[in-house]
Structures are given as structure tokens and as C-alpha cells.
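Colleague: Following this message is one structure expressed as C-alpha cells.
The values are calculated or read from the model by the stated rules, or taken from the named source; none is laboratory data. Keep in mind that this is a model prediction, so the values were computed, not measured. Virtual Cβ from ideal backbone geometry, glycine too; neighbours counted across all protein chains shown. Just so you know, the surface numbers come from the protein's heavy atoms only, side chains and all, with ligands and any DNA or RNA stripped out. Shrake-Rupley method; radii C 1.70, N 1.55, O 1.52, S 1.80 Å.
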Amino acid sequence: MVGSLLRHRSRILTQSTLAGACGILWLVATGLLLARQIDHPSKFGVAACVVLVAAPVLALNFRRLPAYLIGMYAALLPMNSLFVTGTGATVGKFVGMAVAGGTLLVLFASRRTAPPARSLGVLAVLLFYVGTTIFWSVDASKAFSSYIQFLNYVLLYVIISLYPVRFDGLKIILLFMVAGAAASALYGDLLYFHGQQVFGPRLFIGHDAATSVDPNEYASTLIAPITVTLLLFLGARATLVKVGYLGILALLFSSLMISGSRGSTIGLAAVVLFVLWRSRYRLQTFAMLVVAIAGVVSSPVGQRLMSADAVTGDGRTEIWKVAIASLSQYWLLGAGVGNFQVAFDQYYLTTWHLLPGWDRAAHSVFLQSAVEYGALGFGLVLLFWYLVFVELRGVERDPVFGDVSIAIRASVLGLFVAGFSLDLLAYKETWLVFSLVALTRSAFLADQSPRAAERIDETARTASRVSVPAVDR
């Protein structure tokens with residue numbers, strides 16, 4: 001008894017000493033680094049300061065570490081192209097690596113993973129098949145580099161989907177995503193209404209700098225934050241909270257409008273129609289739809305929809321003519337991952353069109369998939385997207401997760417519709433939204449066990465109250 005007590009006290013003393021030493025080391029390292037950065041600031045030093053300052057918070061919330069990292073990753077995406085390191089890689093790439101590493105660390109430490117979804121099986125088959133297209137691709141070097149990028153997106157999605165997040169962690173991720181999008185939208189609106197970086201009549205953030213944000217990609221990153229904010233606004237009951245969400249929603253919507261992206265606007269229209277169909281806020285959603293239509297008509301998107309190139313989608317239909325012509329050769333097995341431009345150039349002179357310039361991007365996730373992967377790969381892409389879309393179908397009526405699941409499902413649909421004119425499989429935000437589906441499903445499944453236990457306890461209490469009078473009689 002005495003020996004065990006002494007061992008217990010010795011263990012507590014050792015842990016306290018170790019914790020104190022780590023605390024002193026952290027204070028010294030942080031102080032020295034901050035002092036150095038005040039005199040000689042650098043990008044790496046500032047990033048190191050942020051990591052050191054946040055380290056205690058992350059250590060105390062170790063199980064939520066992936067939630068914070070995923071939230072940071074989501075917050076960076078709208079302006080990811082502007083945050084470029086000296087090596088040419090974006091900060092978002094390094095944050096994505098931190099997400100993968102931090103999530104794996106938590107998974108190994110907790111020895112728990114979320115139940116895998118059905119879509120992961122289809123994704124594994126798609127990943128294998130896309131890899132095999134390298135062997136018959138037209139340009140193997142392009143195929144290999146494109147496959148590595150695709151593999152990185154898939155691996156990050158798989159790692160995130162296995163994270164057993166709880167509802168509070170999911171809220172952290174969504175909060176970071178909306179906050180990052182709102183900050184980016186505020187910056188974009190300030191540029192636009194001061195007449196800076198505006199070109200006929202769209203906003204091109206960073207157009208005069210060495211790095212810039214593609215307006216179509218920027219707009220696509222706003223679809224999910226707008227949808228989440230819309231459901232938060234519709235479900236809010238307190239007046240001040242509702243007004244706050246309305247302000248954020250107006251900010252995000254205005255930023256999408258000044259981007260001039262017609263594809264993302266059509267995708268957002270699909271989002272609103274889905275919310276109108278599936279949610280219980282039909283009257284509010286219809287009122288929002290009327291206001292949104294008025295906003296679109298008076299925005300740069302409205303001007304571009306009324307322009308002469310609206311019918312051809314700014315030359316996209318001419319690109320698609322050549323792409324469809326190339327399917328006569330590549331319809332079965334495809335030209336190989338990353339080889340759309342090569343296939344396009346092969347049929348550029350054999351197809352009548354009004355398009356100047358070679359090496360054009362697909363501007364359609366569906367045509368790009370069909371040309372690069374062939375009929376089988378194209379079918380796998382559609383099947384995977386469909387399975388992701390229906391994963392949360394049974395969650396919509398849940399009192400806790402219902403609004404969140406509708407928002408995430410609507411985001412998947414909005415990106416699918418926007419994919420008719422955008423190469424969305426090469427966009428990080430597409431895989432982020434896929435990850436949000438998996439995280440919402442994981443949080444919902446984790447929430448069922450406590451609630452099931454509560455229902456069992458309530459049933460037992462009810463049975464005991466009923467059985468007592470029966471015994472008395």
C-alpha cells in the first residue's frame with residue numbers, strides 16, 4: 001500500500017516536472033523568436049511564431065487538433081493562390097500536409113477511426129483506374145505529374161474522412177470556413193468598390209501582382225460558405241443573430257457576384273432550389289431567392305449573362321467541340337490523366353471552330369473526365385459524386401444535424417452543376433466539400449450512441465414507473 005502510494009506520488013512529481021520544463025522551454029523559445037521577428041521579420045519566422053503561440057492551445061485540445069487544422073485549411077482556400085512561399089508552393093499545400101499529419105497522429109493515438117463510407121470503395125477503384133491510364137497516355141510525363149496531384153487530393157480526403165469528429169469539432173471547421181470566406185470577400189469588395197483590379201467588369205484579385213486568384217476558382221470556393229451561412233440564417237431565431245448571419249450572407253454573395261463567374265452563380269441557383277425543396281424554411285428561402293435574382297441582374301454576373309458571349313460560355317462551346325471530336329478516338333480508355341490539352345491539340349486543326357489558341361483547358365469536369373479517363377473512368381467519377389451526394393440523405397430530418405446536412409448536400413450539388421463549365425476535380429475546394437460530407441456523417445454516427453443510450457435509459461425509467469402500480473395491485 002505504501003509502495004504504491006510512493007510510486008503514484010513519484011509519477012505525479014515526474015509528470016509535473018516534465019510539464020514545468022516544457023512550459024519554461026516554450027516561454028524561452030517563444031520569447032526569443034518573437035524578439036527576433038520584431039527586429040528582422042520573415043515569413044517563416046512569423047509562421048513559426050504562430051505555431052509556437054498556438055501550441056499550448058492545441059496540446060490541451062489534442063483530440064480536436066484535426067478540426068482546427070482542417071478549419072485553417074478551409075479558411076485559406078479562397079485566397080490560397082496569393083499565399084505563395086519562396087519555393088513556389090502555396091501555404092495551403094503545407095497546411096494540407098499538416099492536416100494529414102495531425103489527423104494521422106490523432107488517429108494512431110486514439111486508435112479510433114470513423115466508419116468508412118461506401119464512396120471510399122468507388123474512389124479506390126477510380127484511383128487505381130486513373131493510375132493505369134498513365135501506361136497508355138499520350139504524354140506520360142504529364143500523366144504522371146497530374147496523377148500525383150490527384151493522388152494527393154484523394155489521400156487527404158481519405159485521411160480526413162476517417163477522423164471521428166464530434167459535432168463541436170464540425171462546428172469549428174464550418175466556423176473557420178465561413179470566417180475565412182468572409183475575410184476574403186471583404187477584401188475583394190474593398191478592391192472592387194475602390195476600382196482596383198477590376199477588368200471588364202470582373203474582379204481579378206492580384207491581377208497586377210506576380211500571383212493572382214482565378215475569379216472562377218475564387219467564386220467556387222464561396223459556394224459552400226454561402227450555403228452554410230444561408231442555413232444558419234434560415235434556422236436562427238434570435239433577431240440579432242439572424243441579422244448577423246444576413247450581413248455575412250450579403251457579404252459573401254456580393255463577392256461572388258463581382259467575380260463575374262456565371263458557372264458558380266448557376267451552381268448557387270441549384271443550391272437555393274435544393275434548399276427550397278428539402279428544407280423546412282420554404283417561405284424564407286423563396287423570399288431570399290427573389291432578392292438574390294434582383295442582385296444577380298444588377299451585378300457583373302448579370303452583365304456577363306447578357307453579353308454576346310453568354311451563349312458560347314466565353315468560348316467554352318468551341319473548346320467542347322474539339323473535345324467531343326477527340327472522343328472518337330479516346331472514348332473507351334481515355335487519353336490518360338492530365339492529357340486533355342494533348343488530345344485537344346491533336347484535334348485542334350481537324351475540327352471546325354472559332355477558337356484561337358492551342359493548349360486549352362477543358363472548362364468542364366465532365367468532358368475532362370471523359371477525354372482523359374474514357375467511358376469507364378467517366379462513369380466512376382459520376383458514381384463517386386452521386387454516392388457522396390446521397391451519404392447524408394437520411395440525416396436531413398435529424399433535429400441536430402438536419403440543417404448542416406442539407407447545407408453540405410446542397411454544396412455538393414452546387415459544385416456538380418458548376419462543374420459543367422469548370423474543371424472542379426482539380427480544385428481543392430471540391431475535395432474539401434467532399435470531406436465535409438464525410439465529417440458530417442462521422443459526427444452524426446458518433447452522436448447516435450449517446451442518444452441511443454439516453455433513449456434506453458428513458459425506456460427503462462418509463463417501464464419501472466409502469467410496473468410499480470402493477471405489482472401493488
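Colleague: Out of the range 361-403, which residues are among the small types (Gly, Ala, Ser), part of a loop (DSSP other than H, G, I, E, B) and surrounded by 15 or more Cβ atoms within 10 Å (Cβ to Cβ)?
Modeller: Selection gives 362, 364.
Colleague: Pick out the one residue from 229, 239 that is under 30 Å from residue 278 (Cα atoms) and buried (at least 24 other Cβ atoms within 10 Å of the Cβ).
Modeller: Within the list 229, 239, the selection yields 229.
Colleague: Quick one: would you say residue 250 is in contact with a helix residue (DSSP H, G or I) (Cβ under 7 Å, 6 or more places away or on another chain) and assigned to a helix (DSSP H, G or I)?
Modeller: Here the answer is no, as residue 250 does not meet what is asked.
Colleague: Got a sec? Which of 138, 165 is outside any helix (DSSP H, G or I), open to solvent by 50 Å² or more (accessible area, probe 1.4 Å) and of a type in the set (A, V, I, L, M, F, W, C)?
Modeller: 138
Colleague: Could you grab me the full set of residues in the range 219-240 that are in a helix (DSSP H, G or I), touching a Phe, Trp or Tyr at 6+ places or on another chain (Cβ under 9 Å) and either aliphatic (A, V, I, L, M) or over 11 Å from residue 414 (Cβ atoms) (or both)?
Modeller: The answer is 221, 226, 229, 230, 231, 232, 233, 234, 235.
Colleague: From the list 123, 155, 191, 105, exactly one residue is open to solvent by less than 30 Å² (accessible area, probe 1.4 Å) and either more than 18 Å from residue 79 (Cβ to Cβ) or not aliphatic (A, V, I, L, M) (or both). Which is it?
Modeller: Values: 155 fails: open to solvent by less than 30 Å² (accessible area, probe 1.4 Å); 191 fails: either more than 18 Å from residue 79 (Cβ to Cβ) or not aliphatic (A, V, I, L, M) (or both); 105 fails: open to solvent by less than 30 Å² (accessible area, probe 1.4 Å).
After applying the criteria, what remains is 123.
Colleague: Tell me, please, whether a residue that is basic (Lys, Arg) and farther than 21 Å from residue 233 by Cβ can be found in the range 408-423.
Modeller: no
Colleague: While we're looking at this one, here's another question. Residue check: is residue 375 modelled with pLDDT of 90 or more, more than 30 Å from residue 233 (Cβ to Cβ) and of a type outside the set (D, E, K, R)? First the steps, then the outcome.
Modeller: Numbers: modelled with pLDDT of 90 or more: yes; more than 30 Å from residue 233 (Cβ to Cβ): yes; of a type outside the set (D, E, K, R): yes.
So residue 375 passes the test.
Colleague: Between a first residue in the range 264-278 that is in a helix (DSSP H, G or I) and a second residue that is aromatic (Phe, Trp, Tyr) and open to solvent by less than 50 Å² (accessible area, probe 1.4 Å), which pairs have beta carbons less than 8 Å apart while being 6 or more apart in sequence or on different chains?
Modeller: 275/281
Colleague: Name the single residue that is modelled with the highest pLDDT among those in the range 279-324 being part of a helix (DSSP H, G or I) and of a type in the set (Asp, Glu).
Modeller: Going through the qualifying residues, I end up with 318.
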